[in-house]
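J.: What follows is a structure written as structure tokens; I'll ask about it next.
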Amino acid sequence: MRLVVLCPHFAPDTAPTGRVMTRIVEELAARGHRVDVVTALPWYRHHRVEPGWHTTVARRKSTAWGSITRVNPFPGDDKGNLARRAIGFAGFSALALGGGLAAAGWLRRADAVIAMSPPLTMGVTGRLVAWAHRCPLVFNIQDVFPDAAAATGAVTNPALIAAASWLERISYRLADAVTVLSDDLADNVAGKLPTGQRSKVRMIPNFVDTAEIRPGGRMTRYRQELGIGAEPVVLYAGNIGFSQSLELIVAAARQLPDVTFLVNGDGSTRRELEAAAAGVRNVRFGDFQPADRLSELLATGDLHVVPLRRGLAGVSVPSKTYSILAAGRPVLAAIDPGTAIPRLLAESGAGVSVPPDDPQRFTAAVAELVTDRQRLTEMGSAGRRWVESAASPSAVATTYEALIHELQGGRRAQ
């Protein structure tokens, strides 16, 4: 098959969704498919184009399995300026449209287009590219927008929310299939489609590369670099934004002075969190680490926390959970009960969950877990076993391949 993939991040960009799509492409290529990727110049880490990458309108590189076209993402340094980011996403989507039309060549049409959201504008871009190539569109949803932004208060303008909701529903209807990461997200998306189209929503979870991310010893070089000793480390690694209730970490740190709480990453609310943690000596901050240090970073934590504000589990699935389990580390999730991540932790034995936005329950759970090193080890081992059996890149790529063949068969039957 010849495939066109439209996504906002791709290796060597460091965004988690970029790592996911990069590995899916690699797996599809290994099956003999040609893949033409249209993505952005690397920009995720600092919300500006990385040094060494010229901010040209577009640049294309041939690969052994197809091509990579990179276009300017129009990034902005102010991560909290949603209007500026929306303009940037629209500009990127417009350039991606041109790249998608040209990627597989006008005379050699693609067999399918896979477009990833966010940004939500990629749904329309993907549909236009798919029409040009007369092929089906698979719309991959990582987070349900604008629900997540509205629920966190990141977007409050009623007109903007209404416009985004309209675009969201149109994008779902235009796609031949909509893939989501959990049953909770599937219910959310299906509820926004006419009854006759709800079967197009498919649940295909993200995965983790268990060969790349492996368990390691807790006394890492990264601990030494940050000046952290042998005390228990509770780690949050990832985006620091509106969706994550990271004030729970500050509250727990005030009550547990013998535990170091490490927040590793960046995002629109990092400065606010640093201000809230001022004077709390056992809260430490670290910056994003390169991909080749991911296993070391994850091994640094004795216990990882995955917090998500109340009401968001139906619109977002923290994919970092899979990487934590691959590293053989246990998870404490502060997420809506009965949703995807709490269910995963209960079924695998890889961690525990508490209700979201509850500092007392969160602090009590941390205090109980960090004093039982044997239990932490057992939960970490259980998580590693689970990802090895249930979340491999090969299985996910095979599912996408089967879905595309199904969509092609349906079109031929029409």
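J.: In whole Hz, with x marking every Gly and Pro, tabulate ³J(HN,Hα) for region 35-45 from phi via Karplus 6.51 cos²θ - 1.76 cosθ + 1.60, θ = phi - 60°.
T.: 3J(HN,Hα) across region 35-45, in whole Hz: 10, 10, 9, 10, 8, 9, 4, x, 8, 5, 4.
J.: In addition: Name the residue, out of Met122, Met219, Met21, whose mean-square fluctuation peaks in a Gaussian network model built on the chain with Cα pairs under 10 Å.
T.: Its mean-square fluctuation being the largest, the pick is Met219.
J.: Across the chain, what fraction of all alpha-carbon pairs, as a whole percent, falls in each successive 20 Å bin from zero upward?
T.: With 20 Å bins starting at 0, P(r) equals 27, 59, 14, 0.
J.: Label-point separation (nm) for Thr399 and Asp292, each offset 7 Å from Cα along Cα-to-Cβ?
T.: So the two model labels end up 3.2 nm from each other.
J.: Then there's this: Return Leu28, Leu298 ranked ascending by Cβ neighbour count within 10 Å, so the fewest neighbours appear first.
T.: On the way: Leu28 23, Leu298 27.
The order, fewest Cβ neighbours first, is Leu28, Leu298.
J.: Compute the angle between helix 158-174 and the longest alpha-carbon principal axis of the chain, please, reported from 0 to 90 degrees and rounded to the nearest 10.
T.: 60 degrees
J.: Taking only Cα atoms, what is the 0 to 90° angle, nearest 10, from helix 359-370's long axis to the longest principal axis of the chain?
T.: 70 degrees
J.: Residue by residue through region 182-190, which ³J(HN,Hα) values in whole Hz follow from phi under the Karplus form 6.51 cos²θ - 1.76 cosθ + 1.60 (θ = phi - 60°), with glycine and proline marked x?
T.: Once θ is set to phi - 60°, the couplings for region 182-190 become 7, 5, 5, 5, 4, 5, 4, 5, 4 Hz.
J.: If we count other beta carbons within 10 Å of each Cβ, what is the order of Ser348, Ser117, Ser381, fewest first? Present the calculation step by step, with values, prior to reporting the outcome.
T.: On the way: Ser348 19, Ser117 26, Ser381 16.
Result, fewest neighbours first: Ser381, Ser348, Ser117.
J.: Using Cβ contacts closer than 10 Å as the measure, can you line up Glu168, Glu368 from fewest to most? Spell out each step's value before the answer.
T.: Values: Glu168 20, Glu368 12.
Fewest-to-most ranking of Glu168, Glu368: Glu368, Glu168.
J.: In Å, what Kirkwood hydrodynamic radius results for region 263-307 from the alpha-carbon pair distances?
T.: Result for region 263-307, one decimal place: 11.9 Å.
J.: Right, here's the next one. Using Cα atoms only, what is the angle between the long axis of helix 82-103 and the major principal axis of the chain, expressed in degrees (0 to 90) to the nearest 10?
T.: 40 degrees
J.: What is the set of long-range amide H partners of Val178 at a cut-off below 5 Å, with H atoms built 1.01 Å from backbone N?
T.: Phe139, Val201, Arg202
J.: Here's something else I'd like to know. So what is the relative contact order of region 221-390, in percent, for Cα pairs below 8 Å that sit 6 or more residues apart?
T.: Details: 310 pairs, mean separation 37.3, N = 170.
Rounded, it is 22 percent for region 221-390.
J.: Starting from one equal scatterer on each C-alpha and no solvent at all, send me the Debye-based log10 I(q)/I(0) for region 127-180 at q = 0.14, 0.16 Å⁻¹, two decimals.
T.: Per q value, in the given order, log10 I(q)/I(0) is -0.44, -0.55.
J.: Separate question: Quick one: which residues, 5 or more positions from Val283 or on another chain, have an amide H under 5 Å from its amide H? H modelled 1.01 Å from N in the peptide plane, none for Pro or chain starts.
T.: Residues meeting the criterion, in which the H sits 1.01 Å from N, are Phe261.
J.: Right, something else. Hey, what number do you get for the chain at 222 nm if only DSSP H runs of n ≥ 4 count, each worth -39500 (n - 2.57), divided across all residues, to the nearest 500?
T.: Roughly -13000 deg cm²/dmol at 222 nm, from the helical runs in the chain.
Bear in mind these aren't lab numbers, they're just calculated from the coordinates by the rules spelled out. All of these numbers come straight from a predicted model, not from anything done at the bench. Note that we place each Cβ from the backbone using ideal geometry, even for glycine, and neighbour counts take in every protein chain shown.
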